[in-house]
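Here is the structure we will look at, set down as structure tokens.
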Amino acid sequence: MKRLLEVFMKFIYGVIGIVLISATPALFGGASFLDFRSYLTALQQVFAAFFTPAEWTLHYQNPLSFETWPVSFSEFLSGPYLYSMPILFMALALAFILAFILSFIVLLTDGAIKGFLLRTAKIIESFPDFAYIFLIQIAVLFFFQKTGILLLSFYSLGDDRIYLAPVLCLAVLPALLFFKLFILLYEQEQQRSYIELARSKGLSQFDILWKHCTSNVLQSVFYQSKSIVWLTLSTLLIVEYLFGLNGILYYLRSDFSPKGITFILLSIFIPFFLIYTVIELVLLRKFEIERNAVFEKFNLRLFDFQEIRSSIRSLFSINKMQMLRSRFIRKPKILLPALLVAGLLLTSLLYAAVTGDHIAQTQYLYGQDGGIDSSAPHAPSAQVVFGTDPYGYSIAQQLLVGMKSTIILSLLIAGLRIFFGYLFGILYTFFFTRRIRQAVNSIADGMHFLPLTLLTFILLIPVLIGRGEWDTTLTERLIYQVLIMSLVVLPVTTSAIGNEMNETLKKEYVISSVLMGGSMSWILAKHIQPALWPKLALMWVQHIVQVLQMFVHLGILSVFVGGALSQSDSPRLVPEIYELSGMIAISREVFATNQYWMIIPPLAVFMILIYCFSAIADGLIQKQAPPLPVQKAEKAPEPHSLSSSFTRINNPKISEDAN
């Protein structure tokens, strides 16, 4: 009964979080920029709708006649919903099976085949998920031109439904992630003692993997698959948009009301929540990381300024700086990708300093006879290296202008995610009660069943798409976008970092430090931070990759950095500033016109950035080299340094327990 109550409360926390997010557009659609009265009114309407089933309707807009009519939720569930969700589940199943088979091939083979598969997976992983659709389409069209056979249909028209192409494109990313996860878990499982015993009995590698490792690996894959589902849900929205599928995303864009958003998000959240909850109850495994009991009995001193000064001196000591520099230089897998990213950023900054971010516009290209050879958009040639966009602006110069914004904002957003997660992680670890920690974990767990791109789209579109004139400045919109993209994952980062801190607090040397009177600042500086910094650096790099993927998704959905104003004479939105994701917004038109030169250059830059940061993450995961030996003996600590760091505890409860 207690376990069922915990499941019910986790579900309630997830529903409340969805309702709060769904009413957010009303916060920016009222009389002022932050209209909290409109927000509260929207919340009341959403909660009231739960008790009035007659109002459970969506508004569907016919793409041909632009007429709008109400659609009941039952019609939505039996129509578009049952079109999108089978595509998602078939893609996940296909990805799981392919990853499992390929991981067995890698583990059972040596030499060239194994190396080829691992290198190929690493290269493909650097592609934005949007690129898979692009490359598969090119391959199918090339085959059609050579043979006259159309292997796949890429666009849904009217009542015609396509399944094969969306499933294949959607399965690529989760297949790569499942593949890496299987390899990692199988290699960890083979290091256990019972595997050595199985080898000593003469069992083959296949028998060891299949009969002994697979059951444990599958169980671990299930618990770690939530993050893969999280990313796949976002990719589903992009697949729907590019293939013209009349699915979940279309209804969301047609009915952008708080009530409609709530229902659509709940329709995505509930199935995955039920599936994972039922399987977890069957497996009877419970992953809850709580604070060690010793911290419940002591009121830690918050700060000790002498300890803080000592920690800062040790953090920036010459020996520590030399050790970090030597580790960094001795790792070319980290250094070379970092230098490449820095080179791209420096090139963009120098171009801005020299030209003032000038972008040339070429409406017509003239031949030697003075006649017009072509009008915009121009294909790549000697006159325009990478070609132009539909308005005649140089693709190459747009890249030079936009790279700095993409790189700087990605670094900033990922850094703020870790910073806010670290601050709230301290609150989570030292100040939150058990119930509050459970609530945070429940909300973070529920967020894995909601598309991150969809949440960000809902929060950003009221502010970043304007009509007529702006009510806000560019700086205000950029600040808002950075904060939203940083805070939208706050429950996840808080839970992850807080649980890492909790794990450190369970160490015996940390408990001894508490018993000797160490303050909270001492515990953080001397025990938690040394163990946490490498993990924070890895999380930061992983979030950079995630932010780059989100920029691609938002650009395809015409949500640009800094916003865009709608044009009265054109359906296309024009970005306020040049940024790489804005150059991918015309991808749908490119698919129809085969003018691939417009998106290949920005797509290539995204691939380079993602590959570099993924390589840095792989370098951070690898075991660090031992520190170089110190030639000179370090100066012995002052006799009073230990006593200044700890305070004697006179706790009668401890004395009674000792007696």
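The values are calculated or read from the model by the stated rules, or taken from the named source; none is laboratory data. These numbers come from a predicted model, not from an experiment. Because the Cβ atoms are built from the backbone with ideal geometry, glycine has one as well, and the counts that use them run over all protein chains shown. The accessibility values were calculated without ligands, DNA or RNA, using every heavy atom of the protein model including side chains. Shrake-Rupley method; radii C 1.70, N 1.55, O 1.52, S 1.80 Å.
Give the residues of the range 432-441 that are under 23 Å from the mean Cα position of the chain (by Cα) and within 14 Å of M501 (Cβ to Cβ), sorted by residue number.
Within the range 432-441, R437, V440, N441 meet the criteria.
Within the range 446-479, take every residue that is part of a helix (DSSP H, G or I) and touching a Ser or Thr at 6+ places or on another chain (Cβ under 8 Å) and give me the one that is nearest to Y13 (Cα to Cα). Reasoning before the result, please.
From the range 446-479, those part of a helix (DSSP H, G or I) are 446-447, 452-464, 474-479; that's our starting set.
Within this subset, residues satisfying the condition of being touching a Ser or Thr at 6+ places or on another chain (Cβ under 8 Å) are 452-454, 458-459, 462-463.
Numbers: L452: 18, T453: 21, L454: 19, I458: 20, L459: 19, P462: 25, V463: 27 Å.
Filtering first and then ranking leaves L452.
If the Cβ limit is 7 Å and pairs must be 6+ apart or interchain, which residue in the range 414-433 that is touching a residue at least 40 places away in the same chain (Cβ under 8 Å) and outside any loop (DSSP other than H, G, I, E, B) pairs with which residue that is surrounded by fewer than 14 Cβ atoms within 10 Å (Cβ to Cβ) and aromatic (F, W, Y)?
none
For A444, which of the numbered conditions (1) of a type in the set (A, V, I, L, M, F, W, C); (2) open to solvent by less than 30 Å² (accessible area, probe 1.4 Å); (3) under 18 Å from K535 (Cα atoms) fails to hold?
Unmet for A444, out of (1) of a type in the set (A, V, I, L, M, F, W, C); (2) open to solvent by less than 30 Å² (accessible area, probe 1.4 Å); (3) under 18 Å from K535 (Cα atoms): (3).
What number of residues within the range 231-265 are open to solvent by 20 Å² or more (accessible area, probe 1.4 Å) and assigned to a helix (DSSP H, G or I)?
Of the residues in the range 231-265, 8 are open to solvent by 20 Å² or more (accessible area, probe 1.4 Å) and assigned to a helix (DSSP H, G or I).
Filter the range 375-384 for residues that are surrounded by fewer than 21 Cβ atoms within 10 Å (Cβ to Cβ) and of a type in the set (A, V, I, L, M, F, W, C); which is farthest from G582 (Cα to Cα)?
Among those residues, the one meeting the criterion is A382.
Do we find that I372 is at pLDDT below 85, surrounded by fewer than 17 Cβ atoms within 10 Å (Cβ to Cβ) and either aliphatic (A, V, I, L, M) or touching a Pro at 6+ places or on another chain (Cβ under 9 Å) (or both) in this structure?
So I372 passes the test.
Would you check which residues across the range 481-510 are surrounded by fewer than 18 Cβ atoms within 10 Å (Cβ to Cβ) and in contact with a His (Cβ under 8 Å, 6 or more places away or on another chain) and list them?
Result: K507, Y509.
Kindly indicate whether any position in the range 208-221 is touching a residue at least 40 places away in the same chain (Cβ under 8 Å) and under 26 Å from the mean Cα position of the chain (by Cα).
Yes, that holds for at least one residue.
With open to solvent by 10 Å² or more (accessible area, probe 1.4 Å), touching a Cys at 6+ places or on another chain (Cβ under 8 Å) and touching a residue at least 12 places away in the same chain (Cβ under 8 Å) as the only criterion, which of I183, I136 stands out?
I136
Could you check S513 against (1) at pLDDT below 80; (2) buried (at least 20 other Cβ atoms within 10 Å of the Cβ); (3) not β-branched (V, I, T) and say which number it fails?
The number of the failed condition is (2).
Collect the residues in the range 577-610 that are closer than 22 Å to L345 by Cα, β-branched (V, I, T) and in a loop (DSSP other than H, G, I, E, B), keeping them in residue-number order.
Selection gives I577, I599.
If you go through the range 222-252 one residue at a time, how many are within 18 Å of I584 (Cβ to Cβ) and over 21 Å from the mean Cα position of the chain (by Cα)?
Going through the range 222-252 one residue at a time, the tally reaches 2.
Return the total of residues in the range 408-431 being more than 16 Å from the chain's Cα centre (by Cα) and buried (at least 22 other Cβ atoms within 10 Å of the Cβ).
Selection size over the range 408-431: 3.
Being closer than 18 Å to F606 by Cβ and surrounded by 14 or more Cβ atoms within 10 Å (Cβ to Cβ) is the filter here, so list the residues in the range 106-127 that pass it.
Passing the criteria: K122, I124, E125, S126, F127.
Quick check, is F154 closer than 22 Å to G247 by Cα and either among the hydroxyl-bearing types (S, T, Y) or within 23 Å of the chain's Cα centre (by Cα) (or both)?
Working: closer than 22 Å to G247 by Cα: yes; either among the hydroxyl-bearing types (S, T, Y) or within 23 Å of the chain's Cα centre (by Cα) (or both): no.
So F154 fails the test.
All but one of (1) free of Cβ contacts under 8 Å to residues at least 24 places away in the same chain; (2) of a type in the set (K, R); (3) in contact with a strand residue (DSSP E or B) (Cβ under 8 Å, 6 or more places away or on another chain) hold for K507; state the number of the condition that does not hold.
Result: K507 fails condition (3) only.
Would you check if G387 is in contact with a His (Cβ under 6 Å, 6 or more places away or on another chain) and either over 30 Å from Q546 (Cα atoms) or open to solvent by less than 30 Å² (accessible area, probe 1.4 Å) (or both)?
yes
Do you know which residues across the range 195-224 are among the hydroxyl-bearing types (S, T, Y) and either buried (at least 18 other Cβ atoms within 10 Å of the Cβ) or within 22 Å of T109 (Cα to Cα) (or both)?
Residues satisfying the conditions are S200, S204, T214, S215.
Regarding T493, is this residue of a type in the set (V, I, T) and either more than 15 Å from the chain's Cα centre (by Cα) or under 18 Å from V561 (Cα atoms) (or both)?
no
Count, please, the residues in the range 17-46 that happen to be open to solvent by 50 Å² or more (accessible area, probe 1.4 Å), at pLDDT 85 or above and not polar (S, T, N, Q).
The total comes to 1.
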